[in-house]
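A.B. asks: Take this structure first; my questions come after.
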Amino acid sequence: MRAGAKISPAIRMTLISLVICGLVFPIVMTGIGEVAMPWQANGSQVYYDGRPIGSELLTQDFSLPVFFHPRNDSASGVDPDITMSSAISQVPRIHNATGIPESFLNESLQKYRQYTLFFFGTEYVNVLEVNLYLVETYPSIYAPYIQ
Amino acid sequence: MLTLEDLFVVVPVWGLVIVLSWFLSRYLLTVFTGGKSRLDRIFSPVEGFIYRLAGVDAAKKMGWKEYFLSLLYLNAGQAVVAFFILMFQQSLPLNPMHYHGMSWSLALNTALSFSSNTNLQHYNGETALSYLSQMSAIQFLQFTSAATGLATGVAVIRGFAGKAKTIGNFYFDYVRALTRVLLPLAFIATIVLIAMGVPQSLGGYSYEPTLQKDAYEWIYRGPIASLVSIMQLGTNGGGYFGANSAYPLQNPSQLSDLFEIGLMMFIPTSLLFLFGRMVGSNREGRTLFLAAYAIYGIDLLIAFLPHFSIGRGVEVRFGAAASVFWTVTTTAFTTGSVNASLSAFNPVVILTAFFGMLIQAVPGGIGTGAMYLLMYVIVTIFLVGLMAGRTPEYLGFKIEGQDVKLAVASFLTHPIIILIPTVLAFAVGAERGAGLSADSIGFTKVFYEFTSAAANNGSDFLGSAANTVFFNVSTGIVMWLGRFLPMLFMLAIADGVATRKRGYGQGLKTGSMSFVIVLIVSIFILTVLTFFPFLVLGPILQFLQGFRTSFGV
């Protein structure tokens, strides 16, 4: 009887908690997200020329020599960023493949430079941002390589 | 070495969290002593409705047995529900990707893991769990296990404080932990996380074209922000993704990274101040706070010693400093979420991670951290009392033989449930099933697995590689023993001292700085003496081998 007296509230409290924490809370938050911040709530979709081209937050499969390449040894496997030194080392390859002046490529990297500690720390760039900038600046060069 | 630039990250987070925790502790005092509040108008009717629906009397004082059994039955019921959701998700709604149910051993491991606030994950969430499982198994247990931990921590504190002459009522503490603390804070945190870029959607996963011709990527839209909010606030640590908080959709930027670190520190820190408030002497709370943060700070200093740069297994946007800061914090607060692959770190960082998990109280998980600190206080006062030839006293009451026995039983639970299964794993060759060999690296990983399980931490090296029947079942048992046995012992002590005569005032001045130092030294010695041989075989040997290699010997 004593065990039974505790099992009934345990079962009921389990179901109440399940409904509140496991259904109502995430669904209400989803509703708020969809209404108030639909862009972020749906994965920060980026567009080029009106077409969706993936999430701003994720790396993309840039493998052609005309693009800056992402890294493939990150913790997440989809790290969108590369260090500045890694980016600079790719400048000659992109120059050879596209003819875009190295000075412009380096300026582009500086334009999109970020820091791991906000104002200092290691310099890095977001690969998609830089590549998108190149595509927008040289649409005719990049036309054969994009979707 | 810890540079000025690293301090630029660490100091503001510490400062902000400590100040906000101080204010939160004032709110928690009102919540858990049933003090009048303007929020009663909103919350009291809801809570009254929940009590009636569940058929519980939230005003009834419970003894330690009743308090413990109530929480044990509730957590068991919740684990059973989650087990069935995980195992049969293919037949349940909200599964747009048509993922199969988990095997029995994996479902068992996951249910025991999340119900014990551990969040060890032997699966990759984004490719194994339906929306329903992520919400109604994972997030659900992250809330309830955090509420259970918070309730227990508060009950133990209430008993030690002695003003209420009881440890309280479990359902009162549990329901209020949810309605007045965890749900409102998670609500705010979820909105902040969405604003920072963490998705919150039920729109389905999609394989979408990207910029380069014929290239595609998966975009995992899911109820991620709501899960991350409680996973950090409730020191749970189990992520939506296999890569946890290294995955950009779970942790998009440096700012979200620091915000998530702050979330995991918030409630455990405020409980240390709550102790002072409940006792009626902020100095007593200060003692717990200073001891816990001193050891946490020493861990950070040690972890920053080796040079560390962005490389394999580290995310560029966090850099070295935020990766190390996160790893030390997630183990010190026994959360277990990760923002970098543990294999990326120097063995010295792993050693400090071990310290956090072996001590479990610097400052430890939600509710349990404060509970373990009080366990160390009892043992320390007893040891010092023996050396000084004084009757051991704390907060004006005499510490009796029974209390010391229970505190030591609670302390010994940890080494027993870590060391025996670690040895057993190698004895039966289970490490091979997880793709490991019996060298210092393999040993570190298996030892870490059981330490993380026993400490209800949940960070691990193995991940889905440990999805074997041996590791699923063994860590499952270890997680539940590591969770509930110490709760049983500590509730018993707290209930015993709640009604004990107070006011001797002959004991050590536990509010003094000298006691803080004694407590720190005692925690350190107790832990190191217990685990030293195992640490030597694992991370220390690995460190020395790395040293030898670097000298070319």
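The values are calculated or read from the model by the stated rules, or taken from the named source; none is laboratory data. Just so it is clear, the structure is predicted and the values come from calculations on it, not from any experiment. Don't worry about glycine lacking a Cβ; one is built from the backbone with ideal geometry, like all the others, and counts go over all protein chains shown. Ligands, DNA and RNA are excluded from the accessible area calculation, which covers all protein heavy atoms including side chains. Shrake-Rupley method; radii C 1.70, N 1.55, O 1.52, S 1.80 Å.
A.B. asks: Which whole number gives the average, over all residues in B:197-205, of C-beta atoms from other chains lying within 10 Å of the residue C-beta?
C.D. replies: 6
A.B. asks: Alpha carbon centre of the range B:481-553 versus the range B:1-55: separation in Å?
C.D. replies: 27 Å
A.B. asks: Among B:463-475, A:5-17, what's the highest-first ranking by average C-beta atoms within 10 angstrom per residue?
C.D. replies: The peptides rank, most packed first, as B:463-475, A:5-17.
A.B. asks: State which helices in chain B qualify, where a helix is a whole DSSP H run, it must extend 27 Å or more along its own axis by its Cα atoms, and its mean Kyte-Doolittle hydropathy must be at least 0.0.
C.D. replies: Long hydrophobic helices here: B:4-33, B:64-87, B:140-161, B:254-279, B:282-303, B:368-388, B:401-427, B:469-498, B:513-535.
A.B. asks: State the Cα centre-to-centre distance between the range A:104-147 and the range B:324-381 in whole Å.
C.D. replies: The two parts, judged by their Cα centres, are 39 Å apart.
A.B. asks: Quick check: pseudo-label points 7 Å beyond the Cα along Cα→Cβ at B:M513 and B:V11, how many nm apart are they?
C.D. replies: Once both label points are built, they end up 2.1 nm from each other.
A.B. asks: Per residue, how large is the accessible surface of the protein assembly as shown? Use a 1.4 angstrom probe and give square angstrom.
C.D. replies: Normalised by residue count, the accessible surface of the protein assembly as shown is 36 Å².
A.B. asks: Of the peptides B:323-333, B:50-60, how do they stack up when ordered by the mean number of other Cβ atoms within 10 Å, highest first?
C.D. replies: B:323-333, B:50-60
A.B. asks: For the range B:231-316, just list the percent of Cα-Cα distances falling in each 5 Å bin from zero outward, please.
C.D. replies: 3, 12, 14, 18, 19, 15, 9, 6, 3, 1, 0
A.B. asks: Compute, for the protein assembly as shown, the length of the dipole vector about the Cα centre, with Cβ point charges of +1 (Lys, Arg) and -1 (Asp, Glu) only. Units Debye, rounded to 20.
C.D. replies: Using Cβ point charges on Lys, Arg, Asp and Glu, the protein assembly as shown gives about 3140 debye.
A.B. asks: Nearest 100 Å² is fine: how much accessible area is buried between B and A, summed over both sides, with a 1.4 Å probe?
C.D. replies: 6100 Å²
A.B. asks: Nearest 0.05, what FRET efficiency do B:F187 and B:H307 give at R0 = 60 Å with Cβ-Cβ as r?
C.D. replies: 0.90
A.B. asks: Once the Cα atoms of helix A:25-36 and of chain A are each reduced to a long axis, what angle between those two axes, in degrees from 0 to 90 to the nearest 10, is obtained?
C.D. replies: 40 degrees
A.B. asks: Express the C-alpha Rg of the protein assembly as shown as a ratio against the empirical globular expectation 2.2 N^0.38 Å, rounded to two decimals.
C.D. replies: 0.97
A.B. asks: Evaluate peptide A:56-66: per residue, the Cβ atoms of other protein chains within 10 Å of its Cβ; return the mean as an integer.
C.D. replies: 5
A.B. asks: Rg and Dmax of the range A:76-147 over Cα atoms: what are they, in angstrom?
C.D. replies: That works out to 12.7, 38 Å for Rg and Dmax.
A.B. asks: Let me know the whole percent of all Cα-Cα pairs from chain B that are separated by more than 46 Å.
C.D. replies: Here the tail beyond 46 Å accounts for 9 percent of pairs.
A.B. asks: Still on this structure, please answer the following. Assuming R0 = 60 Å, what is the FRET efficiency of A:E34 and B:L383, from their Cβ-Cβ distance, to the nearest 0.05?
C.D. replies: It comes out at approximately 0.55.
A.B. asks: Let a ≥ b ≥ c be the square roots of the eigenvalues of the Cα gyration tensor of the range B:1-112; is it rounded (a/c under 1.5), or, if not, prolate (a/b larger than b/c) or oblate?
C.D. replies: Oblate, because a/c is 1.5 or more while a/b does not exceed b/c.
A.B. asks: Follow-up question, since we're still on this one. Ranked from highest to lowest mean number of other Cβ atoms within 10 Å per residue, what is the order of the peptides B:297-308, B:12-23, B:75-86?
C.D. replies: My ranking of the peptides, most packed first, is B:75-86, B:297-308, B:12-23.
A.B. asks: Here's a follow-up. Pop out the carbon and sulfur fraction of the accessible area of the protein assembly as shown as a percent, whole number, probe 1.4 Å.
C.D. replies: 66 percent
A.B. asks: Okay, next question. Describe numerically, in nm with one decimal, the distance between label points set 7 Å from Cα along Cα→Cβ at B:V46 and at B:A195.
C.D. replies: Each label point is offset 7 Å from its Cα along the Cβ direction, giving 2.1 nm.
A.B. asks: Applying 1/(1 + (r/R0)^6) with R0 = 41 Å to the Cβ-Cβ distance of B:E400 and B:V423, what FRET efficiency is obtained, to the nearest 0.05?
C.D. replies: In this case the efficiency is close to 0.75.
A.B. asks: Enter the mean number of other protein chain beta carbons within 10 Å of the beta carbon of each residue in A:41-53, as an integer.
C.D. replies: Neighbouring Cβ atoms belonging to other protein chains average 5 per residue here.
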